[in-house]
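See structure below.
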Amino acid sequence: MSRLQRLAIVVAVAMLATGAVLIVIPSGGSARASSSSPSPAAKSHATTTHQSTGIVACPSPYTKGFHKAPANVPPGCPGPCPALSVSTPATMGGLVVGREDPCGDFQSSNTTRALDAVALFSVREPTQLLIATLEVGRFSPAAPLGDTGFRDGVISQIGQTTPQALWLEGHPVYATSSPGLTLICWFKGRYLFVLAVRNNYDQPKSILRDALKVNP
Amino acid sequence: MKRALSLLVAAASVLGMLTGCATKLDYRPQVQAIIRHTEALARTYTYKMSSGGHTSTVNVEIADDFRYLATYARDGSPEVDEIVRDDARAVQVHDPALLASIKTGGQTTAPTTAAGTVKPLDATVPVGGFVAGKTAVSPATVASLQKGQWVEDSSGSYTILRPASLSRPPTPGADQVGDALKVLADLDTYISGLPDGAVVPFNPEAGYYFKALDPFPRPAAGTQRYDVSLSPQLPGRSAVDDSPGQRQAAIPLADYFLSAAVYVRNGVVVSIRESANVALRLRLPDQDIVARLQDALVKLPAGISSLSPERQAPIIDQALNKFYAQHQDPALVQRYVVVDFSQLGVQTSITLPASPVQASLAGIFDRGQTLGGGS
């Protein structure tokens, strides 16, 4: 089974045209099918099928003037999707962290993305059941990170509910949800972190604690 | 010309002072920013609420929005301790009477699961305050709590999103620990619902200040006090038309009786005083609470209008709460709350108790994610 098959990332190419942040999350559908003791079938399904939240499109006023995506695309990436080098702990919340291909189906001719590099990690049980994903994106130099309107615009487009601000270790994080998932995002320097956790997993805060320690 | 202008300004100032209509700027954003800044800090504080002849005290230590410790005592007697550290929650009950209303059943052993499990999707997190939850809980859990043992649930606080419906508890005092934990957030929410001019700096010289309406202490040197809804104004009673619905709508809700003082030093909240007091509002001129109730055909004793505000207050309190109950509005709980912060910004270590009984705490004083959650 290829890496791409294991982690199918669906990207809404049309939205990329406006400048976009890629958000990838585990499937809410397979989480819904699981129980407190997930059946082997459910686990298998969960490890092989993933679903993307899609795209967080940046507010159009801010996408203008972004630098063009680099022409030299790393090998394995079918489009202008430079992978980002990020060091993570071996485990988060006691679960195994694995590096995933952030590019997947990432194909776009868009040249004004807010993010110019991304990294993607999976957080799995020893059985390979996918519990969470952590995506790290680096904002392009032109992204106006000092503008709270820009940041609010990014946050407001993640998830399907109004973001709730939380203070953890002296830093704000923003929690929202989409069906079957809890999404938490935060900024660190020029980087955006998005953690997506199954909303029926009972140790999400432990994963989040460890994810907060990740530094690009 | 200059002289005429000076006279005009002086006359306007005097008129403003005489009528109590001195200009009030909108300090809500400023005070809310200070409250939110304080919420971001690690903090230790004491929350003390006096109501109905009892005093409840909650000592709180908050490391961040996922980690806190709260100890609750009533009239000096310890009631319950609670520790939340990320996904885990631990509870120790000192007063078994608190458990009397909790329904047990369903399972004969503590239904705990190993940390790191995927819960069935129909597992709901009961919410609703510091009272018996909606879920029938394990008799074994209750038995351990009745013995005064610490019970720890490794996933007893796993929800990250705060339930939107719990931004303010329906009845103050029903969940003392929740009230204490959310004191800053609730004050922020309360201020958001107030009109322009409802938050002003304490200024005993200002035309809008009435000493007889102020139940709060003066600020210490170096501390700025902001008054919140110290003298609210209801829409004129004469503007209410004759329809029964309009007359009932002219009766103020419980929040009308609430006022607060926020004490700020070095840009953070160091103290809060809160008062819900009917007699204070009855002293306000032109509010006509008694007449409004009579307009809405709420039965009041004959001759109540001739009583002093202090003697009217318990009667009005009773009549209002009956009215609120009929209309499913939040109850009015007369109270005086004192909150004193310390150790602001000083990191505190929240640790779970040693050797607790491991069991599910679902349905035991379970309020979901309590801190944070603002937009």
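For (1) at pLDDT 95 or above; (2) closer than 24 Å to A:L181 by Cβ; (3) buried (at least 20 other Cβ atoms within 10 Å of the Cβ), each residue gets a yes or a no:
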{"residue": "B:R89", "(1), (2), (3)": "yes, yes, yes"}
{"residue": "B:D95", "(1), (2), (3)": "no, no, no"}
{"residue": "B:A110", "(1), (2), (3)": "no, no, yes"}
{"residue": "B:A114", "(1), (2), (3)": "no, yes, no"}
{"residue": "B:L121", "(1), (2), (3)": "no, yes, no"}
{"residue": "B:G133", "(1), (2), (3)": "no, no, yes"}
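With respect to A:A132, is the statement that it is touching a Cys at 6+ places or on another chain (Cβ under 8 Å), farther than 30 Å from B:D188 by Cβ and either buried (at least 23 other Cβ atoms within 10 Å of the Cβ) or not hydrophobic (A, V, I, L, M, F, W, C) (or both) true?
In short, no.
From B:I102, B:I34, B:I62, which residue is β-branched (V, I, T), within 22 Å of B:I364 (Cβ to Cβ) and more than 14 Å from chain A (Cβ to nearest Cβ)?
B:I102
List the number of the failed condition for A:R124; all other conditions in (1) touching a Ser or Thr at 6+ places or on another chain (Cβ under 9 Å); (2) within 11 Å of chain B (Cβ to nearest Cβ); (3) at pLDDT 90 or above hold.
Result: A:R124 fails condition (2) only.
Would you confirm, using the coordinates I've provided, whether A:A196 is touching a residue at least 60 places away in the same chain (Cβ under 8 Å) and either basic (K, R) or more than 12 Å from every other protein chain (Cβ to nearest Cβ) (or both)?
Criteria not met by A:A196.
Hey, among the residues in the stretch A:146-194 that are under 21 Å from B:F66 (Cβ atoms) and among the aromatic types (F, W, Y), which one's surrounded by the fewest Cβ atoms within 10 Å (Cβ to Cβ)?
Selected residue: A:F187.
Tally up the residues in the stretch A:150-188 that are facing chain B (nearest Cβ under 7 Å) and within 14 Å of the chain's Cα centre (by Cα), please.
Final tally of qualifying residues: 4.
Kindly provide the set of residues from the stretch B:185-235 that are free of Cβ contacts under 8 Å to residues at least 60 places away in the same chain and part of a helix (DSSP H, G or I), ordered by number.
B:D186, B:T189, B:K211
From the list B:L25, B:L69, B:L41, which one is surrounded by fewer than 21 Cβ atoms within 10 Å (Cβ to Cβ), within 30 Å of B:L187 (Cβ to Cβ) and at pLDDT 95 or above?
When all the criteria are applied, what remains is B:L41.
So for the stretch B:269-291 (the condition being surrounded by fewer than 16 Cβ atoms within 10 Å (Cβ to Cβ) and modelled with pLDDT of 95 or more), does at least one residue qualify?
Scanning the stretch B:269-291 turns up no residue that is surrounded by fewer than 16 Cβ atoms within 10 Å (Cβ to Cβ) and modelled with pLDDT of 95 or more.
Of all residues in the stretch B:51-103, how many are polar (S, T, N, Q) and not in a strand (DSSP E or B)?
1
The values are calculated or read from the model by the stated rules, or taken from the named source; none is laboratory data. On a predicted model such as this, the values are computed, not experimentally measured, just so you know. We place every Cβ from the backbone using ideal geometry, glycine too, and count neighbours over all the protein chains shown.
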